[in-house]
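These notes are about the structure you will find just below.
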Amino acid sequence: MTTPAPPDTPRPTHVRVRSAHGIGRLTLDRPRALNALDLGMIHDLTTALEAWLHDSDVQRVIIDGAGDRGLCAGGDVRGLYDQITAGRPADVATFFRAEYALDTLIAEYPKPVIVLADGITMGGGIGLAGHAAIRVVTERSVLAMPETRIGFTPDVGGSLLLSRAPGRLGEYLGLTGATMDAADAIYAGFADHLVPSAHLPAVIEAFESRADPAGATEIVLLFDETPEPSRLAADRAWIDDAFSADTVPQIIERLRARPEAAASRTADTLEELAPTALTVTLAAIRRARELPHLRAVLAQEYGLVMWFAMTQPDLVEGIRAQLVDKDRAPRWRPATLAAVTPGAAWAALNYRPEAPLWS
């Protein structure tokens, strides 16, 4: 006979929470999953940040990730797959509402939040890092918003960052899911400072030994290094030319007309990705340029992600191909850009979820 666990047994946690020397420290501790965020982690991060809001013993907050592979590879998309296929839309809404509330809390936090985006930082990891007061990358950092690769669209406020990137880099990064190194991330506006990974312990030690809350940036600057020239900056000519086109097919046409090999490879990439996701993402980034602040962008993104989750087969198919069966052979519906329903982007941007984002 199996003895049931007592009702007060604590659930496992994947966030290490501690505070000392004026620093609140939050470490994502799920390294085997590249610290991907599940709902429990989101709740733990939120609870700690809310507890420190009025705690005079905590003057700054540092967020980092366990292991040496990355801060956070994103949200728990496998869990999202299970929720959608099981017909649990309320669970899907619950996850995104909690995640977006956390991203907003970080962005609006009255004390300096320093995020060490060492290694892989993608999707939901950008939600944690991209809106913080001080965003640190290292020589190991790899940043991206790769949602179109699973038939989805950038969220967690990523479309705001993309919309504010120089020139048409936002469209390029959002549509292709291309990765950024430290230099690219700083140039594109996703990060502020490059600190060698070997110096991160010294950065944390410096924060613990200096209590002046106005000096957080100055402390990081003690370890900051000038990045190498950005690849994205060097590629601006063909990126801006192609990605200023009105539609995705026109973007591909312009890429094919360019002499750069990288432009041709980018066209190949776009032709492999989900046509609906590309169409909606292009419209979402451009509308985000007109929105006034993060909360407005998150509201737009929430409608979009629920539209994909509730009405579009490509999201489940993309996750299946990448993470479930891992055959890397998604069968998009529709399969071509020409077959995307006219007005699909309008329908996505005007979708109103049953459960509102802000209650």
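Observations on the structure shown:
- Taking each DSSP H run with n ≥ 4 as -39500 (n - 2.57) and averaging over every residue of the chain yields -13500 deg cm²/dmol at 222 nm.
- Gyration tensor verdict on the range 1-154 (Cα atoms; rounded if a/c is under 1.5, prolate if a/b is larger than b/c, oblate otherwise): oblate
- Full extension of the chain between residue 286 and residue 50 gives 81.6 nm of extra length, using 0.36 nm per residue less the Cα-Cα distance.
- Pair residue 85, residue 244: separation of 7 Å Cα→Cβ label points (nm): 4.5 nm
- Answer label for semi-axes √(5λ) of the Cα gyration tensor in Å (calculated), chosen among [x] 45, 24, 16; [y] 36, 21, 18; [z] 33, 26, 18: [z]
- Accessible area (Å², per residue) of the range 273-359, counting only protein heavy atoms and a probe of 1.4 Å: 47 Å²
- Theoretical FRET efficiency, 1/(1+(r/R0)^6), r = Cβ-Cβ of residue 323 and residue 199, R0 30 Å, to 0.05: 0.30
- Ranking 51, 251, 28 by Cα position along the charge dipole of the chain, where only Lys, Arg, Asp and Glu carry charges on their C-beta atoms, puts 251 farthest toward the positive end.
- Accessible surface of the range 34-88 [probe 1.4 Å, protein heavy atoms]: carbon and sulfur percent: 46 percent
- In the context of the full set of protein chains, the range 29-96 has a per residue accessible area of 44 Å² (1.4 Å probe).
- Each of the trypsin sites (Lys or Arg not before Pro) that DSSP puts in a loop and that has at most 13 other Cβ atoms within 10 Å breaks the chain; the longest unbroken stretch is 1-288.
- Distant-in-sequence amide H partners of residue 291 (H built 1.01 Å from N, under 5 Å): none
- Among 340, 136, 220, residue whose mean-square fluctuation peaks in a GNM of the chain (springs only between Cα atoms under 10 Å): 340
- Cα-based shape type of the range 48-130, given that a ≥ b ≥ c are square roots of the gyration tensor eigenvalues and the cut on a/c is 1.5: oblate
- Rounded if a/c under 1.5, otherwise prolate or oblate - the range 79-186, Cα gyration tensor axes: oblate
- Taking the DSSP bridge list for the chain and keeping only pairs wholly inside it, about 30 percent are antiparallel.
- What a 1.4 Å probe finds exposed on the range 234-359 is 52% carbon and sulfur by accessible area, rounded to a whole percent.
- Helical segments meeting 18 Å axial Cα length and Kyte-Doolittle -1.0 threshold in the chain (DSSP H): 39-52, 89-108, 275-288, 294-311
- Projecting the Cα positions of 143, 203, 285 onto the charge dipole of the chain (unit charges on Cβ atoms of Lys, Arg, Asp and Glu, taken about the Cα centre) puts 285 furthest along the positive direction.
- Label point 7 Å beyond Cα of residue 94 along Cβ direction - residues of the range 8-52 with amide nitrogen under 16 Å: 11-12, 38-44
The values are calculated or read from the model by the stated rules, or taken from the named source; none is laboratory data. As the structure is a prediction and not an experimental result, all values here were calculated from the model. Every residue, glycine among them, receives a Cβ derived from its backbone with ideal geometry; neighbour counts consider all protein chains shown. Just so you know, the surface numbers come from the protein's heavy atoms only, side chains and all, with ligands and any DNA or RNA stripped out. Shrake-Rupley method; radii C 1.70, N 1.55, O 1.52, S 1.80 Å.
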